[in-house]
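A quick write-up on the structure given underneath.
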Amino acid sequence: MGKIKSVIKRSGAVVPFTPDRITNAIYRAAVEVGGRDRELARALSNQVVEILERHPEQDYMPFIEEIQDVVEKVLIENGHVKVAKAYILYRNERANHRKQQETLSSHSNQPSPNIPWAKIWHVLDWAVDHGLNTVEGLNHRIRAGEYSQIVTESEAAYNGDVEHAVKGILTRKDELKMVLITGPSSSGKTTTTLKINQKLKEHGLKLVTLNVDNYFLNLDKHPKDEFGDYDFETPQSLDLPLINSQLTELVAGKKVDVPFYDFKLGKRGPDVTPLALKPDELILIDSLHGLFPGLSSDISDEKKYKLYLEPLLQMKGCDGEYIHWTDIRLMRRMLRDAVHRAYDPRQTLEHWHYVRNSEMRNIIPNIIHADEIINSAMPFELPIYVNRLLHNFLDWQKRYRGDPLREDAFMRADRVAELLKTIHPMEDESFVPSDSVVREFIGGSSLSY
């Protein structure tokens, strides 16, 4: 047992000192620049711990910032300059994000460049016109027996966005070679992809999927935390050079051998699938990281149509604050993970900080490069989630309160629980169309995923 037992977080909370967190932080920074040596990361972490334990105070409790300073020092002194730079950049990004959150909470009028303001104003205008810009308005319409109308109106708005995207692709069909459909986790990419593919077929075009999941690196190369939770959300969990290389060959008219990833074994298997494009076919990339530069950097933008999805719900809760888009996606993913991945919803909640960290670094900043943005939010989905998930969030609200190691989980559970308590629940899901984007998460879809 080492000398240091506890660490002081930025919030002032005292938590157990876990050297594995230092190892994981170093390894993550190494992964950013192509390094995959976990043993080296552990050796460097041991040096950090050794330096910290030289402190003369017997009951010394370092602050998080002190530990980070020592990590930077050890990386640089051992010649790992690129890793140190990646670590410093990430540290600065987190600091800037915290400042931005503080600025937003103080009601600053400075707009974020990562938010599609024009699209949001359009969605807000629609919400106001339909009386769905507040939870009170939603509840009023449900109690008035208008739930089925809310479903119809919401689906029509979403399908209008899909039609607009299809027109954009057809306008550029002579120059395009690929369509990239992207967006953060549980934004409805799969359903939207199927709908766009159906409509393009009517015009003589076909999307051929290049499944990015087959390009995951072997599990032993993935970063993980002290709880044993692997981070699959980062683009560095993918073999980016191989993806980029094979996309370039496909665009050039060549055949490639697509690898196969065995998720049960956590590694790439020996099987491959030959793939080549026909004249009437476009490559489809349906991925979290479709707009990440390293994925298709060797292919010109003229050959790519970039589509971004997000549930851009413009509805204020009873507290006067807009409902967080990430909370909608969190609930969607909980339901989907429970069915398709045998995940307990609590595991999804505890993993969500990885999801958000990767989104903030690798997905959301790339919105500005999209050719089209689709709003996948359905106001009618919230009453369904009340019925399905409120009891879980109330339990987690109690479970994580006061746990310094699960601050993120508590913050999200508390916020969502308080929101869901104010929304009129809906048990009858028969009003939801079988091809709705919401069916991707609650089940019962007529689409083949």
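FYI, it's all coordinate maths here, none of it is from the lab. This is a predicted model, so every value here is computed, not measured. FYI the Cβ positions are ideal-geometry reconstructions off the backbone, even for glycines, and counts take in every protein chain you see.
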Estimated dipole of the range 6-105 in Debye, rounded to 20 [Cβ of Lys and Arg +1, of Asp and Glu -1, Cα centre] | 440
Hey, can you grab everything whose amide H is under 5 Å from the amide H of T134? Only 5+ residues off in sequence or another chain; H modelled, so Pro and N-termini drop out.
-> K316
State the extension gain, in nm to one decimal, for the chain segment bounded by L124 and A13, taking 0.36 nm per residue of separation less the distance between their alpha-carbons.
-> 36.1 nm
Per residue, the convex hull enclosing the Cα atoms of the range 6-105 spans a volume in Å³ of 100
Simple spin-label estimate for E39 and K3 in nanometres, 7 Å along Cα-Cβ | 2.8
Cα-Cα over 28 Å: which of K221/K304; K167/K278; K119/K316; K85/K398; K201/K304?
-> K221/K304; K85/K398
Label-to-label distance, nm, for residues given as D319 and E77 (7 Å Cα→Cβ offset) | 4.5
Would you compute, from DSSP H runs of 4+ residues alone, the mean residue ellipticity of the chain at 222 nm, taking -39500 (n - 2.57) per run and dividing by the full residue count, rounded to the nearest 500?
-> -15000 deg cm²/dmol
Of K255/K306; K199/K264; K82/K264, those spanning more than 32 Å from alpha-carbon to alpha-carbon = K199/K264; K82/K264
Karplus couplings for the range 374-386 from phi (6.51 cos²θ - 1.76 cosθ + 1.60, θ = phi - 60°), rounded to Hz, Gly and Pro as x?
-> 10, 8, 9, 6, 10, x, 6, 6, 4, x, 5, 5, 4
May I ask you to sort Y449, Y343 by Cβ crowding, counting other Cβ atoms within 10 Å and putting the fewest first?
-> Y449, Y343
Can you find, among A13, L210, H340, the residue farthest towards the positive end of the dipole of the chain? Put +1 on the C-beta of Lys and Arg, -1 on that of Asp and Glu.
-> L210
Quick one: order E281, E39 by neighbouring beta-carbon count within 10 Å, fewest to most.
-> E39, E281
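Based only on other Cβ atoms within 10 Å, what is the fewest-to-most ordering of T23, T234, T171?
Least crowded to most crowded, the residues run T171, T234, T23.
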Sketch the reach of a paramagnetic label on K278 as a point 7 Å from Cα along Cα-to-Cβ, and name the residues of the range 180-213 whose backbone nitrogen lies under 17 Å away.
-> 197-210
Scalar couplings 3J(HN,Hα) for the range 400-415 by Karplus 6.51 cos²θ - 1.76 cosθ + 1.60 (θ = phi - 60°), nearest whole Hz, x for Gly and Pro, are 9, 4, x, 8, x, 7, 10, 4, 5, 4, 5, 4, 6, 4, 5, 5
Starting from the amide H of L312, placed 1.01 Å from N in the peptide plane, find each other amide H under 5 Å away whose residue is 5 or more places distant or on another chain.
-> S376, A377
From phi via Karplus (6.51, -1.76, 1.60), per-residue ³J(HN,Hα) for the range 4-10 in Hz, x at Gly/Pro | 7, 9, 9, 10, 9, 6, 4
Total charge dipole magnitude, the chain, about the Cα centre, Cβ charges on Lys, Arg, Asp, Glu only, Debye to nearest 20 | 460
Long-range amide H partners of V179, meaning residues 5 or more apart or on another chain whose placed amide H is closer than 5 Å, are I283, L284, I285, Y305
